Every structure is written in C-alpha cells, then in structure tokens.
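Notes follow the structure.
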C-alpha cells in the first residue's frame, strides 16, 4: 500500500493507493459525519460533481480491523493535474465550480472549510471534487473559513492575469499555496481600483494585513462570528459574478496557429488522414499530443478511437482554446499548459507533496509529436538523439513529424542565430530512432518537405 504524500495536511485522514484503488483512512471522530454526508441529498444529487465514495469494512491484505479508524474507498481519477498546469479558463472554471458546489452544500447544512484548487480534478472534461474531508457541518454565524485560501488560489491569480496579463502558472510552481494578497495588490494596475471587488478582496485586504503584521500574509479575515447565512450566500454569488466576467484579451501566434500555419489544405488533409489511421489501426486508447495548440489533432484522435487524449502546450492562449472546444469538452480530453524545456517539478513538503507530470501520467499508448522537433532541437538546443529518446520514454508508439532545415519555419529560426546544428538532419533523426526502436512507416507531406514517421520502440 502506497501512502499519498500530499494527504498529510489533514490530520483526520490519509489517502493510500493499492492495486489501482484509492482508499482513505479516517479517524472515528468523523464516522457519524460521514454516515450523514454520504446518505445526504446533496451527495446523492451531485454524484457527477463529487468523487464516488463508499464505506468499506477493510482493505485487501489488512491483518487486523482498526478500532480507532474506518476506511473509505474513492473512485480513482486517472490523471491528477495541478493549477500550474491549467490555463486561465480552466482555473476560472474550477473557481466557479467551487463556489457553486459551496452554495449547493450550504443548502443542505454543509460548508467547505478550505478552498484548495488541488481538491478539484477534471474527469471527462468536467470538474470533480475529490477531498471529502473538506466538508463539514455549518455552524450558525461562522464565516467562510476558506475565504483567504480562495483568494490566494483563485481570485488573485485570475485577477493578475486578467488585469495585468501575467500568467499564474509560474507563481504556483514557486508557491504551492497560491499568490498572496499583498503581492497581488502590488501587481494590479491602477485601473483595478475602479473595481469594487478588486478593492474589497485585494487592496483593502492587503492594507489590513500589512497593518496587522507587515511580515505575514493571509492573517486578515473578516469577522468570524455573527455572519448571517444570507450574507455568505451573497458573498459567493458576488464572487462568482465577478470571476465569470474576467477575461484574457491577449492574442498569441501559437494561440492562433491554425490560421498562421504555412500548410496547404492538402498538407493538412494528409496529416489528418495519417493520424486517423495511426490511431484506429492500432487501437490506441490513451494518447499524448505534444504541442497540441488548439487541439486539432486531439480531435482527430478522439474521433478515430482514442479514449483519452492529454494535450500539452506551452502557450496558455492555445491551451484555453483547446479546452473550450465544445467537442473536446464532451470527451475525455484535457489540454495542459506545459513547457517541455521546463516541466512541472516535484514541489511541496520534501519535494514529494506534488510530483512531476511524468510521474502522474497513466499508461500512454501513443505520442503524437507534430511540428515540434525543430522548436526543441534548434530553438532550445536539445540534441536530436536526446529528444527521440525522450519520446520513447513516454510511449512505445510514436508518430513524429520531421521538419528539415529547408522548411520555412526552420529557416526563420536559423535566421536569428548561427547554425551550429550539424547533427540536425533527417539521417541523424532516423539513426536516433533506430537506436531506441524501429521505423514502421514514413509518409511525405504533400506540398512540403516535411515527413511523418511512425515509430515503435524495440
């Protein structure tokens, strides 16, 4: 049985995994609460929003039934993702989901005692809440204890991106607990003072925190008693309305790549047909789409038999476009903001609380790598052999597009620097593939000098 290292923050219960099953050991002090909670109308009516959970008498291999604790079994979420891998729109969706779930729980006498984004994951493109220990009984007159955490992890990052154009992702990598109010206040432009919500939840809050203790953050809380239920609901609804209106107005080259590409319609059709055959012919279930942009080839993979596609792209605007696609939203698909040159690190307590994405990926049946190799090997100086080796560490089946130096995109890259890439050639690429696997097929792309290679590991 493997202990989930991220579950230490709640002393009431710890999470374990065994044989692809997820268990939670909970103190008996919470048995009565869970008896009520799991049989409540709120839990039953929100089966799609809350991870499926049930009582179990014991776990496999348990020698002695515990007397001071009890066991719950949770549905296993195949891919766990973190907020520093989400685009703006995904973080926004999760924030609104959290507020709505809070309201629905409150109607049944429950509240969420915290507001961690890590408590929400994405299943079949939709948010799902996974930490049932976050729920507790509402005590009349108490304030929302998750208020500060919600601001740090949702409101502040969204405000900074919307008002200042600064992405939240690197902040979360550097601070597992989000962006505190004092930093947010400094990063917001003067026009944010015209926003009631920015003033109330950021600027005045930052001033109060500084006044209490200039060396600490997050100490300021609204009054902890005497808050009516009506005012709590009004707070959640006000935050939801404000967050729902926040937008990212910037455009990027990669976010609009489908309209900026130099491919002809014929070339695009060739690529699409090759991917469709690659997926359907081999019965590939889980696919990673490297450099997914707005999800064009992820859509093709899903339409041709893939059961799950994980898209990775460094451009936040492209990721938001992919995740907003109506077709993809209805599929088991997620696009993550992810830089191959600077992948998600292990962070948190002892660097084990949150692990790397590569350690979280489910078994990957295939990797699609289109129009990416030149950006990694030339723009970022990664030796072509190293890159090919990396592809085979992700999956045994790889579809990769080789882009030669004669291609306009590569010429553009080399026009801004000295060409020191003597090893960047199709011959070197093929040699690298043969070092780690084999070439099953090669297909020229009509109207270009690019080629699609279908490869398999040894």
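The convex hull built on the alpha-carbon positions of the stretch 401-458 has an orientation-averaged projected area of 4.3 nm². Per residue, the convex hull around the alpha carbon atoms of the stretch 361-431 comes to 86 Å³.
Quick one: of the DSSP bridges fully inside the chain, what percent are antiparallel, nearest 5? Walk me through the intermediate numbers first.
Numbers: 39 of 57 bridges.
About 70 percent, rounded to the nearest 5.
Each peptide among 72-84, 134-146, 316-328 gets the average number of other Cβ atoms lying within 10 Å of its residues, and from highest to lowest they stand as 316-328, 72-84, 134-146.
Using only helices, what value at 222 nm comes out for the chain when you add -39,500 (n - 2.57) per DSSP H run of length 4 or more and divide by the total residues, to the nearest 500 deg cm²/dmol?
Working: 19 runs with 160 residues, N = 458.
Helix-only estimate at 222 nm: -9500 deg cm²/dmol.
Rank-order 117-124, 346-353 by packing density, defined as the average count of other C-beta atoms within 10 Å over each peptide's residues, highest first. Intermediate values should be presented prior to the final figure.
Working: 117-124: 20.0, 346-353: 13.8.
Packing proxy ranking, top to bottom: 117-124, 346-353.
With a ≥ b ≥ c taken as the square roots of the eigenvalues of the C-alpha gyration tensor of the stretch 2-74, please select rounded if a/c is under 1.5 and otherwise prolate if a/b is larger than b/c or oblate if it is not? Since a/c reaches 1.5 and a/b is larger than b/c, the shape of the stretch 2-74 is classed as prolate. Relative to the longest principal Cα axis of the chain, at what angle does helix 88-106 sit, 0 to 90 degrees, rounded to 10? That works out to roughly 30 degrees. Kirkwood hydrodynamic radius of the chain, from the reciprocal of the average inverse Cα-Cα distance over all distinct pairs: 24.3 Å. When a/c is below 1.5 the answer is rounded, else prolate if a/b is larger than b/c, else oblate, so apply that to the stretch 1-127 with a ≥ b ≥ c taken from the square roots of the Cα gyration tensor eigenvalues. Since a/c reaches 1.5 but b/c is at least a/b, the shape of the stretch 1-127 is classed as oblate. Ranked for footprinting exposure by Cβ neighbours inside 10 Å, fewest first, 228, 280, 344 give 228, 280, 344. Across the stretch 254-457, the mean sequence separation of Cα contacts (distance under 8 Å, 6 or more residues apart), normalised by length, yields a relative contact order of 18 percent. Can you give the % of DSSP beta bridges in the stretch 254-457 that are antiparallel, to the nearest 5? That works out to approximately 45 percent antiparallel. For the stretch 57-185, what value does the Rg/Rh ratio take when both radii are computed over Cα atoms and Rh is the Kirkwood radius, given to two decimals? Reported Rg/Rh (Cα atoms, Kirkwood Rh): 1.04.
At a threshold of 8 angstrom on Cα-Cα distance, excluding pairs fewer than six apart, so keeping six or more, what relative contact order does the stretch 2-74 reach in percent? Kindly include the intermediate steps, with their values, before the conclusion.
Working: 87 pairs, mean separation 23.1, N = 73.
The value is 32 percent.
Where Rh denotes the Kirkwood radius from the mean inverse Cα pair distance, what is Rg over Rh for the stretch 259-334? Provide the component values of the computation, followed by the final result.
Working: Rg = 12.1 Å, Rh = 12.6 Å.
When Rh is taken as the Kirkwood radius, the ratio is 0.96.
Listed peptides 57-63, 451-457 appear in the order 451-457, 57-63 once ranked by packing, highest mean of other Cβ atoms within 10 Å at the front.
Pairs of alpha-carbon atoms within less than 8 angstrom and 6+ residues apart define the contacts here; what relative contact order does the chain have, in percent?
Details: 758 pairs, mean separation 53.5, N = 458.
Over the chain, the number comes to 12 percent.
Apply the a/c threshold of 1.5 to the C-alpha gyration tensor of the stretch 254-457 and tell me whether it is rounded, prolate or oblate. Taking the square roots of the gyration eigenvalues as a ≥ b ≥ c, the stretch 254-457 is rounded.
All of the numbers you see were taken from the coordinates with simple rules; none came from a lab. Because the structure is predicted, anything quoted here is derived from the model rather than measured. No Cβ is skipped: glycine too gets one built from the backbone with ideal geometry, and neighbour counts run over all protein chains shown.
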